[in-house]
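The values are calculated or read from the model by the stated rules, or taken from the named source; none is laboratory data. Just so you know, these numbers come straight off a predicted model, no measurement behind them. FYI the Cβ positions are ideal-geometry reconstructions off the backbone, even for glycines, and counts take in every protein chain you see. Each accessible area value is taken on the protein alone, full model and side chains, heavy atoms only, with ligands, DNA and RNA left out. Shrake-Rupley method; radii C 1.70, N 1.55, O 1.52, S 1.80 Å.
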Amino acid sequence: MKPAPFGYARPGDWPEALSLLRDGARPLAGGQSLGPMLNLRLAQPATVIDLRHLPGFAGVAVQDGYCRIGAGTSHAEIEDGAIPGRLGAILAGVARRIAYRAVRNRGTIGGSLAHADPAADWVAVLPCFDGAAIALGASGERRIPLADFVLGLMETALRPDEVLRAIELPVLPPEARWGHWKFCRKPGEFSKATACVLAVPGEPPRAVLAALDMPPLVIADAGALLAAPEAEAARIVAGLALRDPWRAALVRTALHRAALAAWEMEE
Amino acid sequence: MSRMPIRMTVNGKAAELVAEPRTHLADLLRGALLLTGTHLGCEHGVCGACTVELDGIPARSCITHAGACDGAAVRSIEGFDADPVMAALREAFSAEHALQCGYCTPGMLITARDIILRLPDADEARVREELSGNLCRCTGYRGIVHAVLRVLAERRGTAP
């Protein structure tokens, strides 16, 4: 369980990081997904670019109704309340259930999203918010709607010469309802099925189904799901044509329970 | 692959090493510094045996590689001799039979200390949840959970 040899680069500023990226090096944030893949030799990059020391990589700023979360903000920081308000409370509840505290201390929201493991928590949850992934490339920042960010298994809308710089989410009113359900047989393991539902007053409720063998399924108007959770969850999951009946049952139940939780305003 | 200089503070002392970037922190501690209290189980971030304190908070040393450790402050299990919380945990681990073979114990203690300091009001369910990232194949966890609860109760001034 030792990685194949790789070079290590620690850029001091973002232009340097981008120039290293153009040479084909692999960005490293907290290393809690890439680290195991290096040890298992599933990833064998020539060079890793350590982004952790770049200015502004971590940190949260609220402006004009949006919360900008630096890609390097750790799960533990989010768990401990780095993000204010109702949005922060929702995300803290998600963060607390990611892996284990020692992993959450190093692992980052941006690293997890850019890694795009379909079973990862932020991959499953972030598309539920009407926000954007902020990609940084040579010509500056580019906004990618979160619903369009993960394209497939470990595949994102980032171009080869871009890094994920931040995640921008709308600030939520205190009345925003949230339901989240994930199936794990053991706390901290990768999810077998994840669903979440967000209902903001005055907007169509949104839902996401994830940990599927495909990109997260975003339901942009989940009004029917909140009106008839069980029947609508069954209808949506039947449309996915999942091969394994047990898998379909897990996914259906996760969506049903997430919808119920949103309705009852439980987290 | 070329080696690189690594400067760390380990258990309060400066350490200057030269290592391949791919070397993970646990191997640096064990191989280069002969601090063999850090144990390696799964070597891919699942079992928790290699948990150390990195820049003041628990981290998996098996998936933190040498380059990323340059400039870091590391505290391995050998660095807690004078720590009063760890002293209480050692007592409690002994009293509650919280170890048998001892392989998971260094990582278990570092996680336990983090629970004590971060979650002083944790109940048994929360302690079990927080310990879920450290695997023990001997005890069935009961003794470990009781040891953590005992220290939490002592610090709250209530009976365990």
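Things to note:
- Residues with amide H under 5 Å from that of residue B:10, placed H, sequence gap 5 or more: B:15, B:74
- Chain B, Rg to Rh (Cα coordinates; Rh as Kirkwood inverse mean 1/r): 1.00
- C-alpha center-to-center spacing [segment A:154-221, segment B:1-73] in angstrom: 34
- Residue mean of other protein chain beta carbons inside 10 Å, A:179-189: 2
- Shown for segment A:4-86 is the translational diffusion coefficient from the Stokes-Einstein equation, using the Kirkwood radius over Cα pairs, a temperature of 25 °C and a viscosity of 0.890 mPa s: 172 µm²/s.
- Cut-off 12 Å between beta-carbons: net charge of the residues surrounding residue A:224, Lys and Arg +1, Asp and Glu -1: -2
- J(HN,Hα) series, segment A:20-35, from Karplus relation 6.51 cos²θ - 1.76 cosθ + 1.60, nearest Hz, glycine and proline x: 5, 4, 5, 8, x, 7, 9, x, 10, 9, x, x, 7, 9, 5, x
- Theoretical gain in end-to-end length, residue B:119 to residue B:14 [0.36 nm per residue, Cα-Cα removed]: 34.7 nm
- Close amide H contacts of residue A:193 (hydrogens built in the peptide plane, cut-off under 5 Å, sequence separation of 5 or more or a different chain): A:183.
- Value at 222 nm in deg cm²/dmol, rounded to 500, when DSSP H runs of n ≥ 4 in chain B each add -39,500 (n - 2.57): -9500 deg cm²/dmol
- Solvent-accessible surface (1.4 angstrom probe) belonging to residue B:158, in square angstrom, nearest 10: 70
- Residue mean of other protein chain beta carbons inside 10 Å, A:12-23: 0
- Segment residue A:240-residue A:130, extension gain: residue separation times 0.36 nm, minus the distance between their alpha carbons: 37.3 nm
- All-pairs Cα distance distribution in chain A, expressed in whole percent, bin size 5 Å: 1, 6, 13, 18, 19, 17, 12, 8, 4, 2, 0
- Charge tally for residue B:59 (other residues, Cβ to Cβ under 11 Å; Lys, Arg +1; Asp, Glu -1): +2.
- Computed on segment A:1-68, with alpha-carbon pairs under 8 angstrom and 6+ residues apart, the relative contact order is 44 percent.
- The distance between label points at residue A:183 and residue A:62 comes to 3.7 nm (points 7 Å beyond Cα on the Cα→Cβ vector).
- Phi-based couplings in Hz for segment A:222-227 (Karplus 6.51, -1.76, 1.60; Gly and Pro marked x): 9, x, 5, 5, 6, 6
- Peptide B:24-30 is shielded by partner chain Cβ atoms: per residue, an average of 1 of them sit within 10 Å of its Cβ.
- Anchor residue A:182: aspartates and glutamates whose Cα lies under 20 Å away (excluding residues fewer than 8 positions away in-chain): A:79, A:117, A:121, A:213, A:230, A:232, A:244, A:264, A:266, A:267, B:129, B:130
- Note on surface exposure: B:43, B:129, B:124 rank B:124, B:129, B:43 by accessible area, highest first, 1.4 Å probe.
- Phi angles of segment A:188-197 translate, via the Karplus equation with coefficients 6.51, -1.76, 1.60 and θ = phi - 60°, into HN-Hα couplings of x, 7, 5, 5, 8, 6, 10, 9, 9, 9 Hz per residue; Gly and Pro are given as x.
- Taking a ≥ b ≥ c as the square roots of the eigenvalues of the Cα gyration tensor, segment A:101-178 is oblate, since a/c reaches 1.5 or more and a/b is not larger than b/c.
- Simple rule: put +1 on each Lys or Arg Cβ and -1 on each Asp or Glu Cβ in segment A:198-252, find the dipole, and look at A:231, A:198, A:245; the Cα lying farthest toward the positive end is A:245.
- Taking Cβ atoms as reference points and 14 Å as the exclusive limit, the residues near residue B:105 contribute a net charge of 0, counting Lys and Arg as +1 and Asp and Glu as -1.
- Residues whose amide H lies under 5 Å from that of residue A:47, counting only those 5 or more places away or on a different chain, are A:7, A:26; hydrogens are built 1.01 Å from N in the peptide plane.
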